[in-house]
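The structure appears below as structure tokens.
The values are calculated or read from the model by the stated rules, or taken from the named source; none is laboratory data. Model, not experiment: these values are computed from the prediction. Cβ placement follows ideal geometry from the backbone for every residue including glycine, while neighbour counts extend to all protein chains displayed. With ligands, DNA and RNA removed, areas are computed over all heavy atoms of the protein, side chains included. Shrake-Rupley method; radii C 1.70, N 1.55, O 1.52, S 1.80 Å.
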Amino acid sequence: MPVRLADVLSTVERLWPLSGAEAWDAPGLVTGDPAREVSRVLLTVDAVAATVDEAVDTGADLIVAHHPLLLRGVTSIAEDRYKGALLAKLIRADCALIGAHTNADVVETGTSAVLADRLGLVDAIPIVPNATDAARGLGRVGRLAEPTTLGRLARRLAEILPPTATGVRVAGGFDDPVETVAVCGGAGDSLLGHELVRAADAYVTADLRHHPASEAREQAMLGGGPALVDVSHWAGEWLWLDAAARELREAHPDLEVAVSDLRTDPWDFQVVQ
């Protein structure tokens, strides 16, 4: 049975409602004709040159990217600028692009929920619950079925996440006990001061900057707080793609849905001193 882009958009809205997006976010349809039929979908964290090339070369009609291509305003889509070049390539190839960002973070099967599940957290709840649905919200916090150490937790993350140049960085003692873990897929330093994060034994997130991380650790030494585990932004959210693909396949069995394995983490190598 033919599937139109409009049908996929309806499914995307059901799975990841736009109403759940943060006010600053820009998810939704970026380019494409809703009336056009689609047969192959490529899921990726980032719409960048490599993944757009992958979509076009494999005959995809649609990219569903976690990060919006046009998150911040642009004044030109000239093709000597990378966003303009990507949009032009997509339009010429008749390949649509949909972004599902913070609206996909907050749902029960969103980025943080998937990360919590892969870590084996039980009784996980949102760190910041949605005002109308307590099962949805930013981040997740739960407990491990069996207590572990901070070093073993970091090693577990290194096992379940795809490899990146920056790997897994940790602030805390290797043998420190860990039972309660808070997680936030993507950049999560805005939650460092949240009471549920401060009550956890460890906080797993990405893009931790020097000053927020330093201040959180100094406060933890004075009045308690979590060890910090900083992972690649791309890697922590890449895990969600398989869950999203399953949901799209269930909704549209006639669609071919693929997950991009291309690493779109921006860092290529690291020199350790």
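The Cα atoms of the stretch 30-139 give a gyration tensor whose axes a ≥ b ≥ c have a/c of 1.5 or more with a/b greater than b/c, which makes the shape prolate.
Just want to confirm a number: the relative contact order over the stretch 1-149, from Cα pairs under 8 angstrom separated by 6+ residues, in percent. Here the relative contact order equals 23 percent. Here r is the Cβ-Cβ distance between Arg72 and Asp175 and R0 is 45 Å; the resulting FRET efficiency, rounded to 0.05, is 0.55. Residue by residue, the stretch 13-30 carries 3J(HN,Hα) couplings of 5, 5, 6, 9, x, 4, 5, x, 6, 5, 4, 7, 7, 9, x, x, 6, 9 Hz when phi is fed to the Karplus relation 6.51 cos²θ - 1.76 cosθ + 1.60 (θ = phi - 60°); x denotes Gly or Pro. Net charge dipole, the chain: roughly 220 debye, given to the nearest 20, about the Cα centre with Cβ charges of +1 for Lys and Arg and -1 for Asp and Glu. Taking the Cα centre of the stretch 121-269 as reference, the dipole from Cβ charges on Lys and Arg (+1) and Asp and Glu (-1) amounts to some 240 debye. Applying 1/(1 + (r/R0)^6) with r as the Cβ-Cβ distance of Ser214 and Arg92 and R0 = 45 angstrom yields a FRET efficiency of 0.40. Between Ala85 and Leu222, the contour length at 0.36 nm per residue exceeds the alpha carbon distance by 44.2 nm. Distance from the alpha carbon centroid of the stretch 66-129 to that of the stretch 144-208 works out to 23 angstrom.
Highest mean packing first, where packing is the average number of other Cβ atoms within 10 Å per residue, the peptides 253-259, 208-214, 95-101 line up as 95-101, 253-259, 208-214. Electrostatic bookkeeping for Ala202 treats Lys and Arg as +1 and Asp and Glu as -1; over the other residues with beta carbon under 14 Å from its beta carbon, the sum is +3.
Compared with the direct C-alpha span, the chain from Arg118 to Arg40 gains 25.3 nm at full extension, assuming 0.36 nm per residue. Each Cα pair under 8 Å and six or more residues apart adds its separation to the average, and for the stretch 207-273 the resulting relative contact order is 26 percent. Solvent-accessible area per residue in the stretch 54-181 equals 48 Å², computed with a 1.4 angstrom probe and all protein chains kept. Please name whichever of Pro177, Pro162, Ser190 sits farthest to the positive end of the charge dipole of the stretch 105-208, dipole taken about the Cα centre and charges placed at Cβ: Lys and Arg +1, Asp and Glu -1. Result: Pro162, furthest along the dipole toward the positive end.
Rounded to the nearest 10 degrees, the angle from helix 240-251 to the longest Cα principal axis of the chain is 50 degrees. Ignoring ligands, DNA and RNA, what percent of the accessible area of the stretch 2-50 is carbon or sulfur (1.4 Å)? Result for the stretch 2-50: 54 percent of the exposed heavy-atom area is carbon or sulfur. As a test, work out the antiparallel percent of DSSP beta bridges whose residues both lie in the chain, rounded to the nearest 5. Close to 50 percent.
Shape class of the chain from the alpha-carbon gyration tensor: prolate, with a/c at 1.5 or above and a/b greater than b/c. Sorted on the mean count of surrounding Cβ atoms within 10 Å across their residues, most packed first, peptides 120-127, 45-52, 109-116 read 109-116, 45-52, 120-127. Our summary gives the chain a relative contact order of 19 percent, counting only alpha carbon pairs under 8 angstrom and 6 or more residues apart. What the phi angles of the stretch 61-78 give under the Karplus curve with 6.51, -1.76 and 1.60, with θ = phi - 60°, is a coupling list of 8, 8, 9, 10, 10, 5, 8, x, 5, 10, 5, 10, x, 10, 10, 8, 10, 4 Hz, glycine and proline written as x. Charge dipole of the stretch 201-263 (Cα centre as origin; +1 on each Lys and Arg Cβ, -1 on each Asp and Glu Cβ, all else neutral): 200 debye, rounded to the nearest 20. Assuming R0 = 30 Å, what is the FRET efficiency of Ala50 and Arg246, from their Cβ-Cβ distance, to the nearest 0.05? Approximately 0.80, to the nearest 0.05. Rolling a 1.4 Å probe over the protein heavy atoms of the stretch 141-273, with every protein chain left in place, gives an accessible area that is 49 percent carbon and sulfur.
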